1. How about the range A:255-332: which chymotrypsin sites (Phe, Trp or Tyr not before Pro) there are in a DSSP loop, with at most 11 other Cβ atoms within 10 Å of their Cβ?
2. Evaluate peptide B:106-115: per residue, the Cβ atoms of other protein chains within 10 Å of its Cβ; return the mean as an integer.
3. Reachable aspartates and glutamates from B:LYS240, Cα under 12 Å, same-chain residues fewer than 8 places away excluded?
4. Taking the 0 to 90 degree range and rounding to the nearest ten, how far is the long axis of helix A:159-174 tilted relative to the main principal axis of chain A, both from C-alpha atoms?
5. Please give every one of the aspartates and glutamates within straight-line cross-link reach of B:LYS140, meaning a C-alpha to C-alpha distance under 15 Å, and leave out same-chain neighbours fewer than 8 residues apart.
6. Output the pairs from A:LYS222/B:LYS63; A:LYS228/A:LYS338; B:LYS131/B:LYS167; B:LYS43/B:LYS63 with a Cα-Cα distance over 20 Å in this structure; if there are none, say none.
7. Kindly work out what percent of the DSSP beta bridges joining two residues of chain B are antiparallel, to the nearest 5.
8. Quick one: 3J(HN,Hα) in Hz for the range A:75-85, Karplus 6.51/-1.76/1.60 with θ = phi - 60°, rounded, Gly and Pro as x.
Amino acid sequence: MSKISSFRVNLLSKNGLKSKVLFKNIKNNRLSKFIKPSSRVISRQRRQFDNFMKVLIFLSFIIVSIPLVSIIYIVVANGLTQITPYFLTHTMKGVMGGFSPFGGILHALVGTILITLGAMVISIPIGILTAIYLVEYAKGNKLSSIVNTLVDIMSGVPSIVAGLFAYSLFALFFGPTAVFGISGSLALSVLMIPTIIRSTQEMLNLVPNQLREASYGLGVSKFRTIIKVVLPTAFSGIVTGVLLSIARVIGETAPLLLTAGSIDSLNLNLFSGRMMSLPVYIYNEYSQGLAVCTNNIFGADCLSDIRMQRAWSAALVLFIFIIILNLVGTTIKKRILKKRGK
Amino acid sequence: MGQRIDVEHLDVFYGKFMAVENVSMTINPNQVTAFIGPSGCGKSTFLRTINRMHEMTDKATVKGSILLEGRNLYSSEIDPVQVRREVGMVFQRPNPFPTMSIRQNVLAGIKLNNKSLTKAQADEIVETSLKGANLFNEVKDRLDSAAIGMSGGQQQRLCIARAIAMKPSVLLMDEPCSALDPISTLAVEDLIYELSSNYTIVIVTHNMQQASRVSQRTAFFNISDVGKPGRLIEMDQTTKIFSNPSNQQTENYISGKFG
Ligand SMILES: Nc1ncnc2c1ncn2[C@@H]1O[C@H](COP(=O)(O)OP(=O)(O)OP(=O)(O)O)[C@@H](O)[C@H]1O
Ligand SMILES: [Mg+2]
């Protein structure tokens, strides 16, 4: 947003003002008699073109912000209805149709956190170690170019394929009913690893070679140099990369539907039984459509669109998660870039 | 104490490219030896073979031998990491560790090698090293602040303090003043002169006044053409090199005539 507007200002000051000044000079200058009329036409044309471009750039900025603003508006407006302490601390166990008690997202919230933590445990060491290998040990050799190509391919794997992969891997050992949280973690890791590798590579490449040499020059081995000098220098950048990669996969639905499944109640064990997650919860609620409230034999409160309300509120919670991850990630990144700029 | 270095028929390669050919020389202990010569003649390359830093570059190799007090640094039972503890290095651009404080930078070589120190030992090393680098009085009140907050000249002296904290016998310096202003340069030159009573010092410089100010002996390197290896042309007392060199190429170079 700010980029686009500052660009507009630049355009204004660089071309607009200058051409105006130029214009004045020409008018005031005695030589202006000798300037061919065509050159004035050209400046007028240029000014018109400038204005046209300004309008165009402003319009594209508006067009880009429409979906963004409307997504935020819709998610917040629809999601706020159900966000209550009750909603955040209860599962869907025993909830029937559109009747009260309306249930909540505790199991999905906990599931998303556990599955993501599992994915971090799997993908962070693999991703970072691979990046270290590629940057510090195998720069330019054959194996590194093979691994690099594989990472490129891996970053293009559709998320549903990652889900199928994790599901079938666990099915191989535990049979076709193998649906657990950790399987979901594995699916998400497949999606996270390439992003972590790439961002870590980028941060390691930013560490000046002088620092490595300074360390070697003090009689420090290569391994210790990497652990004690290179990684600490690149640390915050690596953290940013990891946070952004989590933000990218935390909303994945398809692979989790296949691997961790869907369940009404809280499950704290990643290694046994189904585990709910926020995206699957949203999908589940929304796909069940309206509840029937006409045949109210219980005499309880009934909301026919309660499932949509729950879905929107869960979406808002997920959205907040992602925004926080992104904000923290980009602030760290900005701070690093600022430091390097100095 | 400084140690004597004998280089015997040393060829230095980057892959197939021979950067330095057939260098033999003796570097005296407790003296400053200056390397001069045109850009690209292999001064840095050769200097970096003396602490086996050269081989940290991709595909870089060496033929020949370098003896430190008679011990061949390139024999198979020598650990290159150990060599770099005995032969310290100061680089062209000051490169303190940005994540560490001034104090931590001085102790970096010891800490990074996982040696444990008592607080008193650490304080002692920090103080003597910083004093040795003529820096102690300037920074004694802010030892725990970041090293990158210092001036370039102070950073370079911190790098020297960091190198001498390892108690090396030889110090290699590759254009240590080229990123510094004249006053900082003077401070570093004074320091080099003082250090030479305890260390063997080798300094690469493009500044011939500097070479004549700080060094006792000077070696002149040259290349016959681009893509050809650099060679040692002449090595002698600094006063002799700058007043009455025996080789015509040296004469041309120091009098500013090329080609
Ligand atoms: N990492 C490297 N890989 C390949 N060739 C290199 C590398 N570093 C230096 N060279 C080559 O080795 C030769 C000697 O370079 P070197 O840097 O030692 O020269 P120098 O005398 O230190 O020059 P300067 O005075 O400019 O610092 C040059 O031809 C250079 O191109
Ligand atoms: Mg050089």
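The values are calculated or read from the model by the stated rules, or taken from the named source; none is laboratory data. Keep in mind that what you see is a predicted model, and the values were worked out from it rather than measured. Counting neighbours? That spans all protein chains shown, and the Cβs are built from the backbone with ideal geometry, glycine included. Surface accessibility is based on the protein's heavy atoms, side chains included, excluding ligands, DNA and RNA. Shrake-Rupley method; radii C 1.70, N 1.55, O 1.52, S 1.80 Å.
1. Numbers: sites: A:PHE271, A:TYR281, A:TYR283, A:TYR286, A:PHE298, A:TRP312, A:PHE319, A:PHE321; in loops: A:PHE271, A:PHE298.
The qualifying sites are A:PHE271, A:PHE298.
2. Counting Cβ atoms of other protein chains within 10 Å of each residue's Cβ and averaging gives 4.
3. Reachable aspartates and glutamates: B:GLU251.
4. It is inclined by approximately 30 degrees.
5. By straight Cα distance, B:LYS140 reaches B:ASP123, B:GLU124, B:GLU127.
6. Values: A:LYS222/B:LYS63 23 Å; A:LYS228/A:LYS338 23 Å; B:LYS131/B:LYS167 14 Å; B:LYS43/B:LYS63 16 Å.
Result: A:LYS222/B:LYS63; A:LYS228/A:LYS338 exceed 20 Å.
7. If I count the DSSP bridges inside chain B, around 60 percent turn out antiparallel.
8. Once θ is set to phi - 60°, the couplings for the range A:75-85 become 5, 5, 4, 6, x, 4, 3, 9, 6, 9, x Hz.
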